[in-house]
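Input: a single structure, listed below in structure tokens.
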Amino acid sequence: MNFIKDPAKPTVLFMSDSPLLHTGQAVVLREVAMGLSSLAKYNIVVAGWGYKGGPHNLPFPLLPSSHKDHGKAGNAEAGVLSLEAIVDQVQPDLLWTVGDIWMFHYVPAMRNRQKFKWVAYTPVDGEPIPREWHAWLKNPQRLVMEVEYGSAMMKKYDPSIEHSWIYHGCNPKVYYPLTPETRRAIKKQIAHLRINGVNSLKPANGLPDNAFVVGTLARNQPRKNYERNLKAFSVFAKDKPEALLWLHAAPVDHGYNLVQLAHYFGIQDKVVFTTQNTVDRGLSEGELNLVVNMWDVHFLPTQGEGFGIPILETMAAGVPQVVSDYTSHVEFAKKAGLMIPLDPVDDFVTGNPHMIDRAVPKPSVCAAQLNRLYADPALRAGFAAAARATAEPMTWEATIPQWDKVLQQVLG
């Protein structure tokens with residue numbers, strides 16, 4: 001690694017999904033690292049899961065790290081190093097991580113753990129916090145939660161653990177509502193993918209003028225509840241020929257085969273996908289803004305969110321929300337749309353392998369909330385304005401002074 005340290009500055013090693021990928025964690029790492037880099041107060045190095053080397057335009061070194069085990073091990077011959085080896089090489093004063101607790105379970109046991117201080121940016125996407133994470137939660141020098149909900153859960157779990165909370169941000173100059181005229185013009189020719197056959201997609205252009213588009217921006221993985229999503233949409237759309245479900249997700253990833261799931265619920269003619277939709281081949285933020293501006297509603301009956309960046313980004317674009325009334329996103333999304341009510345006894349399952357309550361909303365209840373927005377354009381317009389007003393001040397720039405303060409405190 002060709003890296004020249006400024007001896008007058010502390011060295012901060014960031015670790016999570018590669019900032020070149022299209023995931024929530026990649027966005028968080030990229031925005032925080034870029035913001036702190038602009039202060040010119042730190043030597044910044046990033047260890048990126050899923051980065052395989054190659055050119056990039058980031059203003060700091062980017063090292064390949066193991067995506068399979070989140071940096072615990074690596075293949076030195078392939079240039080993919082373990083976190084232990086990267087620490088030996090970089091010699092950071094501070095490690096900054098963003099990801100679920102289980103992704104970094106090995107850090108306390110690293111042989112060179114005492115060589116660096118650790119700031120762990122940690123989501124809480126359900127409750128209760130499992131007791132087996134206790135020793136881990138006490139290991140970082142500073143634990144930073146992503147929302148006030150996470151902070152409240154941590155206080156309830158163990159008030160002696162020092163922690164704070166810092167919101168994620170968005171880019172409201174990139175995600176913003178288009179004018180009605182611009183929206184109509186783009187709707188006539190926007191590219192997307194339609195289901196073609198049992199397990200394939202075909203390119204298409206343009207949506208009908210009268211299309212009522214329900215959109216979902218979320219990775220295809222179990223916690224996003226795509227089975228509930230498509231089942232609820234099938235209930236909502238059964239008497240609405242103009243209804244479409246636009247999924248911004250890889251059709252095949254860690255969750256369902258979404259094409260097959262659409263066939264299963266008989267809505268294969270009503271489901272469309274974004275043209276570039278994988279974690280390593282996605283749209284730019286500007287292109288994604290055009291997509292979400294086609295949506296009348298953003299629908300995410302999630303099992304739980306550590307934050308919910310797609311919720312905030314679609315809010316910035318002025319899209320009303322229909323989301324589960326559970327966990328972190330509720331505190332900033334509750335004025336931006338309808339929450340999906342959950343019965344405390346019947347609408348939760350115990351997660352596996354981590355015993356955390358996961359929400360499983362009723363499809364009929366989800367469909368009822370979608371129907372309320374479908375039937376009331378004035379209600380949608382009010383939520384759209386509130387969504388934009390809430391998201392507009394929640395910028396990444398606003399988070400950087402908070403992170404600088406945390407790092408200065410931990411570094412002493």
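Nothing in this text is a laboratory measurement; each read-out follows from the coordinates by a stated rule. Here the structure is a predicted model, which means the values were calculated and not measured. Cβ coordinates were reconstructed from backbone atoms using ideal geometry, including for glycine residues, and neighbour counts include every protein chain displayed.
Details
- With neighbours defined as other Cβ atoms within 10 Å of a residue's Cβ, the residues Ser200, Ser160 order from fewest to most as Ser160, Ser200.
- Evaluated with a Cβ-only charge set (Lys, Arg +1; Asp, Glu -1), the range 250-365 carries a dipole of roughly 120 debye about its Cα centre, given to the nearest 20.
- Amide hydrogen neighbours beyond the local backbone of Thr395, cut-off 5 Å, H modeled: Cys170
- Using the Cβ of Asp357 as centre and a radius below 11 Å, the other residues enclosed give a net charge of -2, where K and R count +1 and D and E count -1.
- Sites listed here are GluC sites (Glu not before Pro) in the range 137-226 whose DSSP assignment is loop and whose Cβ has at most 12 other Cβ atoms within 10 Å: Glu162.
- Between the range 284-340 and the range 252-281, the Cα center-to-center distance that results, in Å: 19
- For the range 273-412, the Kirkwood hydrodynamic radius comes to 16.8 Å, computed from all pairs of different C-alpha atoms.
- Relative to its residue count, the chain spans a Cα convex hull of 142 Å³ per residue.
- Counting other Cβ atoms within 10 Å as a rough exposure proxy, the listed residues Phe299, Phe307 run Phe307, Phe299 from fewest neighbours to most.
- Amide hydrogen neighbours beyond the local backbone of Trp246, cut-off 5 Å, H modeled: Val214, Gly215, Thr216, Val272
- Among Asn293, Asn210, Asn112, residue whose mean-square fluctuation peaks in a GNM of the chain (springs only between Cα atoms under 10 Å): Asn210
- Annotation: extensible slack from Lys68 through Asp6 equals 19.1 nm (criterion: 0.36 nm per residue apart, minus Cα-Cα distance).
- Across the range 180-391, the convex hull enclosing all Cα atoms gives 118 Å³ per residue.
- For a straight C-alpha distance cut-off of 21 angstrom, the lysines reachable from Lys202 (same-chain residues fewer than eight places away being disregarded) are Lys187, Lys188, Lys270.
- For the chain, modelled as a GNM whose springs connect Cα atoms under 10 angstrom apart, the maximal fluctuation among Ala378, Ala262, Ala333 occurs at Ala378.
- Order of His70, His192, His263 - criterion: other Cβ atoms within 10 Å of each residue's Cβ, fewest first: His263, His192, His70
- Selection of GluC sites (Glu not before Pro), the range 289-346, meeting DSSP coil and at most 13 other Cβ within 10 Å: none
- The range 109-146 and the range 12-72 have their alpha-carbon centroids 19 Å apart.
- Hits among lysines - C-alpha to C-alpha of Lys72 under 17 Å, sequence gap 8 or more where chains match: Lys52, Lys115
- All other residues whose Cβ lies under 10 angstrom from that of Arg380 are scored, Lys and Arg at +1 and Asp and Glu at -1, for a net of -1.
- For the range 180-391, the antiparallel share of DSSP beta bridges with both residues in that region comes to about 40%.
- Its Cα centre serving as origin, the range 180-391 has a Cβ charge dipole (Lys and Arg +1, Asp and Glu -1) of approximately 380 debye.
- Neighbour cut-off at most 15 other Cβ (10 Å), DSSP loop, trypsin sites (Lys or Arg not before Pro), the range 50-131: Lys52, Lys68, Arg111
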